[in-house]
Amino acid sequence: MSAPQKREIVRRPRRGWLDLALGELWAYRDLLATLAWRNLTVRYKQSLLGIAWAIIKPVIQMVVFSVVFGRLANLPSDGYPYPIFLYAGLLPWTYFTTTITSASGSLLSGSNMIHKVYFPRMILPFSYLFTSLIDLLLAMLVLFGMMGWYRADMVFSWTILLFPLFLIPAVVFAGGVSLWLSAAAARYRDVLHLVPYLLQLGMFITPVVYAVNLLPERFRWMLQLNPMTGVVEGFRWSLLGKPVDGWGVIFAGFGLAFVFLVSGMIYFRRVERTLADVL
């Protein structure tokens, strides 16, 4: 019986700041999966309701915002029941904020691991992309229940089959922002204090609680500068069959999401060289 083969990973010198070493990420994919699962168990450890909070938190937000913006402010929702319209937008936004909040401090929380063993440091913020993805998929169950309660015909809309296409830019953009903020936070701890305020601001420049057509047409181009606009619109179109107010918003969001990811990887690699000095 032959001995089991050992996987050998060879580290080679980096060739400039554009060498992103993507092969290393693939070689350490098992570690990425392990860290993602660990993050999930730690997040809900010693919690009475456990992973049910992945559903409870967006539901509470939906109820509060429905009262404030749906009942009191009476914002239009393109002909859909406001709770469904809102919840379909909250799904990607909650995924984004949960990922960013956790990943921005990932290098600091994983400093002991960084000093002890070698692995691609980019795995630390990336692991939260998949942890939050599980929360998102669980929270979607509530949306399907609401769709069946309000309008059963929406559950069988063929556009649901294209939902994964709009999940990709959500993950890509969250990954890019996570790299930027986690690397910046390793150098400047002030970043961690700014993150909650940046996310609060981001929610109001993203059409989560309001429809895109609520803005005057001459100002809508500004929403194209926010990749989450395309993600939210794509979620509503694929899950509810809601007509999109200009596909340019979605395509621009796709492109900007990848720009954030690539630029975030470049910046992260630059900071990575000095992590031992700043952590």
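Points to keep in mind about this one:
- Residue within the range 121-129 that is within 22 Å of residue 87 (Cβ to Cβ) and in a helix (DSSP H, G or I) present: yes
- Some residue of the range 209-222 being outside any loop (DSSP other than H, G, I, E, B), in contact with a helix residue (DSSP H, G or I) (Cβ under 7 Å, 6 or more places away or on another chain) and within 24 Å of residue 128 (Cβ to Cβ): no
- Test result for residue 197, over 18 Å from residue 82 (Cα atoms) and either among the β-branched types (Val, Ile, Thr) or touching a Phe, Trp or Tyr at 6+ places or on another chain (Cβ under 7 Å) (or both): no
- Test for residue 162: is it closer than 24 Å to residue 43 by Cα, part of a helix (DSSP H, G or I) and under 19 Å from the mean Cα position of the chain (by Cα): no
- Annotation: residue 243 fulfils all but one of (1) farther than 30 Å from residue 273 by Cβ; (2) in a helix (DSSP H, G or I); the unmet one is (2).
- Scanning the range 233-254 for residues that are within 18 Å of the chain's Cα centre (by Cα) and acidic (Asp, Glu) yields a single hit, 233.
- Residue within the range 82-93 that is at pLDDT below 90, in contact with a Lys or Arg (Cβ under 7 Å, 6 or more places away or on another chain) and crowded, with 19+ Cβ neighbours inside 10 Å present: no
- Residue selected from the range 39-72 under the condition among the charged types (D, E, K, R) and assigned to a helix (DSSP H, G or I), by the criterion surrounded by the fewest Cβ atoms within 10 Å (Cβ to Cβ): 71
- Out of 234, 255, 175, 230, one residue alone is in contact with a Leu (Cβ under 6 Å, 6 or more places away or on another chain) and either at negative phi or acidic (Asp, Glu) (or both). It is 175.
- Restricting attention to the range 186-232, the residues that are hydrophobic (A, V, I, L, M, F, W, C), over 13 Å from the mean Cα position of the chain (by Cα) and buried (at least 22 other Cβ atoms within 10 Å of the Cβ) total 4.
- Qualifying positions in the range 140-152 - surrounded by fewer than 22 Cβ atoms within 10 Å (Cβ to Cβ) and in contact (Cβ under 8 Å) with a residue 12 or more places away in the chain: 140, 141, 142, 146, 150, 151
- Residues satisfying the stated conditions in the range 225-246, i.e. hydrophobic (A, V, I, L, M, F, W, C) and within 17 Å of residue 95 (Cα to Cα): 228, 231, 232, 235, 239
- Long-range neighbours under 6 Å by Cβ, at least six apart or interchain, first residue over 16 Å from residue 53 (Cα atoms) within the range 121-138, second acidic (Asp, Glu): 121/272
The values are calculated or read from the model by the stated rules, or taken from the named source; none is laboratory data. Keep in mind that this is a model prediction, so the values were computed, not measured. Note that each Cβ is placed from the backbone with ideal geometry, even for glycine, and that neighbours are counted across all protein chains shown.
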